[in-house]
Structure formats: structure tokens, C-alpha cells
Amino acid sequence: MQNKQSILITGGAGFIGSHVVRRFVNNFPNIMIYNLDKLTYAGNLENLKDIEHAANYKFIKGDITDTTFINKIFAEYKFDAVIHLAAESHVDRSITSPMDFVMTNIVGTVNLLNAAKTLWSNNPIDDKNTNSVRRIFYHISTDEVYGTLGSTGHFSEQTPYDPHSPYSASKAGSDHLVRAYYDTYKMPVVISNCSNNYGSHHFPEKLIPLAINNIKNNKPVPVYGAGLNVRDWLWVNDHASAIETIFTKGVIGETYNIGGNNEWKNIDLIHLLCEIMDTKLNREKGESAKLITFVKDRAGHDLRYAIDATKLKNELGWSPSITFEEGLALTVDWYLHNEEWLKHVTSGEYLKYYQGQYEQR
Ligand code: NAD
Ligand code: DAU
């Protein structure tokens, strides 16, 4: 097992990370995939039940802010590549607890950069290297680092950073540090900045899964402000496929924007979801929309995000595989057929699933 090449994926028990881990475990059977996750409220090993016994998969419980622990696992497993997704990811939580975001998103990222730098500089690759996994530190980031758009325009890779929330500021900080390690130490890094994801296994504090869950349970669906903010939605499996494309073909030192060219005003999106839910739950047309409740706006709420993903399409040949209507229907079906998952996640019950099983090394 030690001779196999290996990829460390951080945050693999979370929403996007679990889709990435599953994809890599299935698509790279000869490569060892290590999933490092602290299992915060957002991390859930139930997300990976289907691959947990795969021969090329291993879970490691741990915290990326713990320098000693991070150095120890890099020395032990000698990862060939890193895909870094672990983060505090919810904007509303960053407004109430900014320090958690600074610690995980900035300090945690630097810990990983330092550990990879030490490991890789002590083990240089020779010219005859024929390994299939190249050395790469792939940092997964967000379009929120670019700030907000008015009613026109798109974020390109050249858009200056202008983050507004503690979350996006902490992600911007981590992006800058990753680039600094490329410039200063020649670390082989790549960054991608993606728009809003949706799909299965999405924690129901984010808009789409929260709305599905509340509509199903006849609870109010909170819409911030007047619901006029715009987000650019991408199916999570398409984000995972973009990550595989960039991991295998992306040019070292480059940044790639990822997006679905799929902008929705929040209120229009919620109305669409209500219509889909009326049909799926055999409710009278208009019944679910009665649950829409306008609430106090988010502080510093960015008006509009929209990604220009031309570079990724033209240079690496990636584009989304399905339409929003298809993706949303699949997502609603997944939530309606996975009541247990939802119940565990909303009750905190899932924490018991791994209690005692994965003590920190
Ligand atoms: P998530 O909150 O669902 O999952 C985050 C994961 O990181 C969880 O499993 C959690 O346990 C783990 N984690 C948190 N702190 C940790 C720590 N200190 N040490 C180890 N593990 C820790 O997040 P997500 O929505 O899946 O986002 C994953 C990544 O993608 C993040 O970096 C986020 O910024 C980025 N991103 C997300 C979106 C989106 O729409 N959700 C869009 C673009 C980019
Ligand atoms: O753009 C990428 C980002 O998308 C990621 O980097 C973040 O990790 C991810 O959480 C997401 O951030 P948003 O803040 O855009 O997602 P959220 O689902 O929290 O909110 C989407 C929009 O819906 C936003 O305009 C706020 C609004 N909203 C959200 C919630 C939770 C509501 O109107 N009501 C709600 O209850």
C-alpha cells in the first residue's frame, strides 16, 4: 500500500469534498485516496458509505489547524498530491464566528502548504519520473473572493479580489497565500474559484437544501431581504468533474474559474423549487409558495455573482454535463428519498455514527 501513489483530499466528508472523494476513489483505483477531515458539524461520513470499504480509500480524522498532526501525517503517508477543500464554508456562520474561519481557512491552509513544501523539497522528483500523479497542491476556492457584481458583467480570473464577508475574506487570504508559495518557493499550485454548488448531501443550512427541507415539512422558507440577490448555480457533480479536469490537466501556477452560466435571483429560484415540490408532493399548485417568508437581510449581502468560465472551457475542454432543471429535479428527488440522512443531519444524530471510531492519531 505504501508504494502506491497517493492523493490527500481535505474536507472529504463535507458536501463537495464527498463528491470529489467518491469520484477519485472510483476513477483512480490504483491510487490511494486519503480523506482528511475534522468532522465538524458539516462533515458526515454517511456521505461516503458507498465507498468506505474501497481498497484505495482511507479516512483520517484530524484538524488542519493542528500543525504537529499535519506534519506527522505528511511524514507518514508521503502524499504525492493534495486537493484542499477543508474549510468553514457558511457565510452566515462567518458573521457570528469569524475567528473559526480565520483559523481553518487561513491557518489550516498554511499548515498544509508548509507540510507539502517540506515533504516535497526533501524528496525531489528525478527526470525519469513516470508517476501518473504529478505533484500538485490544488486549492479549492470560491467566486466570493471577487466581491459583488452590479446588474451586468462577469468574474474572470483577472477580476481584482474584493471580499466582503469574513468567509470570503478568509478564502481570499488563503488564495493569496497559495499564490505566494508558488512565487516564493516554486510550490506546484493550482487554484480554482467556483460559483454556488447544489446537489445531494448539501447541509440544510444553505439555501437550496434548507428550502427543500422546509417546504417538505411545511415550515417557513426564509428569503433574505427582497430575494433579489443573484447566484450562479452549478451541479456539485459538475464541480467534481471540473476538479478532476483541473487536477489532471491544469497548468501549474494558474487559476481557473468554474461556473454553470446559470444565474438565478433567489426569489425566482425559490418559486421554481416550490413548483417542483408541489408536483412531487402532490400539492395544489401554489401551495408551497405560501411558505415563502421574507426575513431580515444578511449583513454585507453581496448582490450578484456570475462566473465567466471561458478559460476552463477553451483551455481544458470542461463544460457542465446537465441543465439546471435536470440537476434540480435530481436534487429534490435525492432529498425526498433520503429522509434518514436529513433527519440525522438536522438532529446531530450523525455525530454518533463515528463516535469513538476515528480518534485523532
Ligand atoms: P462543507 O462545509 O460542506 O464541508 C467542509 C468540510 O471541511 C467538512 O467535512 C468539515 O468537517 C471539514 N473541515 C472544516 N474545518 C476543518 C478543519 N479545521 N480540519 C479538517 N477538516 C475541516 O463545505 P463545502 O460546501 O463542501 O465546500 C468545500 C470547499 O469548496 C470549501 O473550501 C469552500 O470554500 C469551497 N467552495 C464551496 C462552494 C459551495 O457552493 N458550497 C462553492 C465554491 C467553493
Ligand atoms: O458562491 C460560492 C459560495 O456559495 C460558497 O463559497 C459558499 O461556501 C456557499 O455557502 C455559497 O455561499 P452563499 O452565501 O451564496 O450561499 P447560501 O446558500 O448561504 O445563500 C445563497 C443565497 O440565498 C444568498 O444570496 C443568501 C440567500 N439566502 C440564504 C439562506 C441560507 C436566503 O435568502 N435565505 C436563507 O435562509
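Per the conditions (1) over 27 Å from Leu342 (Cα atoms); (2) under 20 Å from the mean Cα position of the chain (by Cα), the sole criterion not satisfied by Gly253 is (2).
So that you can scan it fast, the table gives a plain yes or no per residue for (1) surrounded by 22 or more Cβ atoms within 10 Å (Cβ to Cβ); (2) in contact (Cβ under 8 Å) with a residue 24 or more places away in the chain; (3) within 20 Å of the chain's Cα centre (by Cα):
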residue: Gln5; (1), (2), (3): no, yes, no
residue: Val20; (1), (2), (3): yes, yes, yes
residue: Phe24; (1), (2), (3): yes, yes, yes
residue: Ile33; (1), (2), (3): yes, yes, yes
residue: Lys38; (1), (2), (3): no, yes, yes
residue: Tyr41; (1), (2), (3): no, yes, yes
residue: Asp50; (1), (2), (3): no, yes, yes
residue: Asn56; (1), (2), (3): no, yes, no
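Regarding Lys311, is this residue in contact with a Phe, Trp or Tyr (Cβ under 7 Å, 6 or more places away or on another chain), open to solvent by 30 Å² or more (accessible area, probe 1.4 Å) and under 20 Å from Trp235 (Cα atoms)? Criteria met by Lys311. Picking from residues in the range 2-40 that are assigned to a loop (DSSP other than H, G, I, E, B) and either of a type in the set (Ser, Thr, Tyr) or within 16 Å of ligand 1 (Cβ to nearest atom) (or both), the one that is farthest from Phe59 (Cα to Cα) is Thr40. Yes or no: Ala115 surrounded by fewer than 22 Cβ atoms within 10 Å (Cβ to Cβ), over 23 Å from Ile16 (Cα atoms) and not hydroxyl-bearing (Ser, Thr, Tyr)? For Ala115, the condition - surrounded by fewer than 22 Cβ atoms within 10 Å (Cβ to Cβ), over 23 Å from Ile16 (Cα atoms) and not hydroxyl-bearing (Ser, Thr, Tyr) - is not met. Checking each residue in the range 273-308 for being of a type in the set (A, V, I, L, M, F, W, C), open to solvent by 40 Å² or more (accessible area, probe 1.4 Å) and within 28 Å of the chain's Cα centre (by Cα) picks out Phe294, Val295, Ala299, Leu303. A count restricted to the range 174-231 and to residues that are open to solvent by less than 50 Å² (accessible area, probe 1.4 Å) and more than 16 Å from ligand 1 (Cβ to nearest atom) stands at 12. For the range 173-192, a residue qualifies if it is under 21 Å from Pro98 (Cα atoms) and either modelled with pLDDT under 95 or under 15 Å from the mean Cα position of the chain (by Cα) (or both), and the qualifying residues are Ser174, Asp175. A count restricted to the range 59-82 and to residues that are open to solvent by less than 10 Å² (accessible area, probe 1.4 Å) and more than 10 Å from ligand 1 (Cβ to nearest atom) stands at 5. Filtering the range 165-179 for residues that are β-branched (Val, Ile, Thr) and not in a helix (DSSP H, G or I) leaves an empty set.
The values are calculated or read from the model by the stated rules, or taken from the named source; none is laboratory data. Small disclaimer: the values here were computed from a predicted structure and weren't measured. Please note: Cβ atoms are built from the backbone with ideal geometry, for glycine as well, and neighbour counts cover all protein chains shown. To get the accessible areas, we keep the full protein, side chains included, count just its heavy atoms, and leave off ligands, DNA and RNA. Shrake-Rupley method; radii C 1.70, N 1.55, O 1.52, S 1.80 Å.
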